[in-house]
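The structure appears below as structure tokens.
The values are calculated or read from the model by the stated rules, or taken from the named source; none is laboratory data. From a predicted model like this one, the values you see are computed outputs, not experimental measurements. Glycine also receives a Cβ, built like all others from the backbone with ideal geometry; neighbour counts cover every protein chain displayed.
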Amino acid sequence: MKKANLPFVFFMCLLFVGALLAASPANPGYQVGDTARDFKLKNVDGKMVSMADHKDAKGFIVTFTCNTCPYSVAYEDRIIALHNKYAPKGYPVIAINPNDATASPKDSYADMQQRARDKNFPFPYLHDETQEITRAYGATRTPHLYIVQKQSDGKYKVAYIGTIDDNSRDASKVEKKYAEAALDELVAGKSISQPNTKAIGCTIKWKEA
Amino acid sequence: MTKLKLNFLLPTLAFVLAASPAFAQEVKVIKYKELEQIRNAPHDTLYVVNFWATWCRPCIKEMPYFEALTEQYKDQPVRVMLVSMDAVEDLDSRVKPFVQKRNLKSDVLLLDEVDANSWIDKLEPKWSGAIPATMVFNNKRKQYEFVEGELSQEALQGMISKYKP
């Protein structure tokens, strides 16, 4: 390539990057198959928690949930049960509260500590104060699950995004346990037959811009 | 008053009392199929369908904006429908009292479907399931817009004036 063309190439690159930026105004977050980033967030016990701390885990049930959403509250016991069933199989729950405490005061760190004590959460309950992790994952509602699987290179691959089951209101009437089905397949080394599910949930309470 | 008169009056009174709230809002319980029919309505009408629930704070915050549309466009082909995501078990204990207390004038429906995963993608693949969510459409004019999240009154008014027939 001739030297004289370099400014032109540079200009075209700028145009290209500009077009890319314009084409993706909002980060849609992770899709199944993407690599999920690790995080370092404050747990209700005051310690910082990362996925990398759990050396023995095969993956994680990263659960965006909160104190205030009735759907989250309805699912608390089921999230605990999910952890108790799958942590021994290598997939513990890590709960992350994505809500801004100014927009949703009952989701403050102190209220999270209280809730974790009251419910005796057997898993970490982390505060995503800057909402950076929530944005990176692309969580939009609570509860919103991201099941990630640790790869041989140490990366975390998103295996499942969605809901826990098909009946938020009444655990005794659940017919389809979406998250458990995915985890069973994951633990058995099979591909997940239904890696995306949806549910009605509360919007995440974002910081005022 | 004779016993005979009482026997007549009491049921009449009961009937009148029971019938008068007919002026107040009814809540129609629907299944997904009926929601789909609304979504596919062929009329030259602008449908404004808002998904909400009694437990959803931002939904309740934006509800007056939808009520204002109903009032503002009452003689025009604009139809506001508030579709509750509350459980059907909460219809009498929560939804109806809510609707009556707020004296809602828009059409209020309750979607009686337990497994949201079975219908959300059929209705709108872009919707994650978070509420509030709003869809505005006029099928006759092939107009459609979907918004997930809370709307400001300006944004909602803007959408309606853009599409209203």
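Please verify whether B:Pro42 is away from every other protein chain (no Cβ under 13 Å), out of contact with any strand residue (DSSP E or B) (no Cβ under 8 Å at 6 or more places or on another chain), within 25 Å of A:Tyr71 (Cα to Cα) and at pLDDT 95 or above, treating the condition exactly as stated. Here the answer is no, as B:Pro42 does not meet what is asked. When only residues in segment A:190-206 that are of a type outside the set (Gly, Ala, Ser) and away from every other protein chain (no Cβ under 14 Å) count, which is surrounded by the most Cβ atoms within 10 Å (Cβ to Cβ)? Here the residue is A:Ile192. Looking only at segment B:41-65, residues that are in contact with a Leu (Cβ under 7 Å, 6 or more places away or on another chain) and either surrounded by fewer than 16 Cβ atoms within 10 Å (Cβ to Cβ) or not aliphatic (A, V, I, L, M) (or both) come to 4 in all. Before we move on, is A:Asp153 within 14 Å of chain B (Cβ to nearest Cβ) and more than 19 Å from A:Asn97 (Cα to Cα)? Criteria not met by A:Asp153. Considering every residue within segment A:116-133, establish whether at least one is over 14 Å from A:Thr63 (Cβ atoms), more than 10 Å from every other protein chain (Cβ to nearest Cβ) and of a type in the set (Gly, Ala, Ser). Within segment A:116-133 (the criterion being over 14 Å from A:Thr63 (Cβ atoms), more than 10 Å from every other protein chain (Cβ to nearest Cβ) and of a type in the set (Gly, Ala, Ser)), the answer is no, since none of the residues qualifies.
Residues that are in contact with a Ser or Thr (Cβ under 6 Å, 6 or more places away or on another chain), part of a loop (DSSP other than H, G, I, E, B) and of a type outside the set (Gly, Ala, Ser): does segment B:37-45 have at least one?
Checked segment B:37-45: no residue is in contact with a Ser or Thr (Cβ under 6 Å, 6 or more places away or on another chain), part of a loop (DSSP other than H, G, I, E, B) and of a type outside the set (Gly, Ala, Ser).
Hey, does segment B:112-131 have a residue that's in a strand (DSSP E or B), under 28 Å from A:Ala139 (Cβ atoms) and touching a residue at least 24 places away in the same chain (Cβ under 8 Å)? Looking through segment B:112-131, at least one residue is in a strand (DSSP E or B), under 28 Å from A:Ala139 (Cβ atoms) and touching a residue at least 24 places away in the same chain (Cβ under 8 Å).
Residues checked against (1) crowded, with 20+ Cβ neighbours inside 10 Å; (2) at pLDDT 95 or above:
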| position | (1), (2) |
| --- | --- |
| B:Lys3 | no, no |
| B:Phe15 | no, no |
| B:Lys31 | no, yes |
| B:Glu67 | no, yes |
| B:Lys74 | no, no |
| B:Ser84 | yes, yes |
| B:Asp92 | no, yes |
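The residues of segment A:134-148 that are more than 19 Å from B:Asn117 (Cα to Cα), buried (at least 21 other Cβ atoms within 10 Å of the Cβ) and either more than 14 Å from chain B (Cβ to nearest Cβ) or touching a Gly at 6+ places or on another chain (Cβ under 6 Å) (or both), listed by number, are A:Tyr137, A:Val148. Considered as a group, the residues in segment A:163-189 that are free of Cβ contacts under 8 Å to residues at least 24 places away in the same chain, within 13 Å of A:Leu82 (Cα to Cα) and not hydrophobic (A, V, I, L, M, F, W, C) include one that is nearest to the other protein chains (Cβ to nearest Cβ), and that residue is A:Tyr178. Across segment B:132-165, the number of residues qualifying as within 14 Å of another protein chain (Cβ to nearest Cβ), aliphatic (A, V, I, L, M) and outside any strand (DSSP E or B) comes to 1. Taking the condition of being in a strand (DSSP E or B) and within 10 Å of the chain's Cα centre (by Cα), how many residues in segment A:143-159 meet it? Looking only at that region, the number is 6. Considering every residue within segment B:121-134, establish whether at least one is surrounded by 14 or more Cβ atoms within 10 Å (Cβ to Cβ), within 17 Å of the chain's Cα centre (by Cα) and of a type in the set (S, T, N, Q). For segment B:121-134, residues surrounded by 14 or more Cβ atoms within 10 Å (Cβ to Cβ), within 17 Å of the chain's Cα centre (by Cα) and of a type in the set (S, T, N, Q): present.
Listed here are the residues, each with its yes/no results for (1) touching a residue at least 40 places away in the same chain (Cβ under 8 Å); (2) in contact with a His (Cβ under 9 Å, 6 or more places away or on another chain); (3) in a helix (DSSP H, G or I).
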{"residue": "B:Pro58", "(1), (2), (3)": "yes, no, yes"}
{"residue": "B:Lys61", "(1), (2), (3)": "yes, no, yes"}
{"residue": "B:Glu67", "(1), (2), (3)": "no, no, yes"}
{"residue": "B:Glu71", "(1), (2), (3)": "no, no, yes"}
{"residue": "B:Val83", "(1), (2), (3)": "yes, no, no"}
{"residue": "B:Val95", "(1), (2), (3)": "yes, no, yes"}
{"residue": "B:Phe98", "(1), (2), (3)": "yes, no, yes"}
{"residue": "B:Lys105", "(1), (2), (3)": "yes, no, no"}
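Before we move on, is B:Gln25 away from chain A (no Cβ under 14 Å), over 26 Å from B:Lys162 (Cβ atoms) and surrounded by 18 or more Cβ atoms within 10 Å (Cβ to Cβ)? Yes. Answer yes if at least one residue in segment B:94-102 is surrounded by fewer than 21 Cβ atoms within 10 Å (Cβ to Cβ), within 13 Å of another protein chain (Cβ to nearest Cβ) and charged (D, E, K, R), and no otherwise. Among the residues of segment B:94-102, at least one is surrounded by fewer than 21 Cβ atoms within 10 Å (Cβ to Cβ), within 13 Å of another protein chain (Cβ to nearest Cβ) and charged (D, E, K, R), which makes the answer yes. A residue that is without any contact (Cβ under 8 Å) to a residue 12 or more places away in the chain and closer than 21 Å to A:Gln194 by Cβ occurs somewhere in segment A:74-92.
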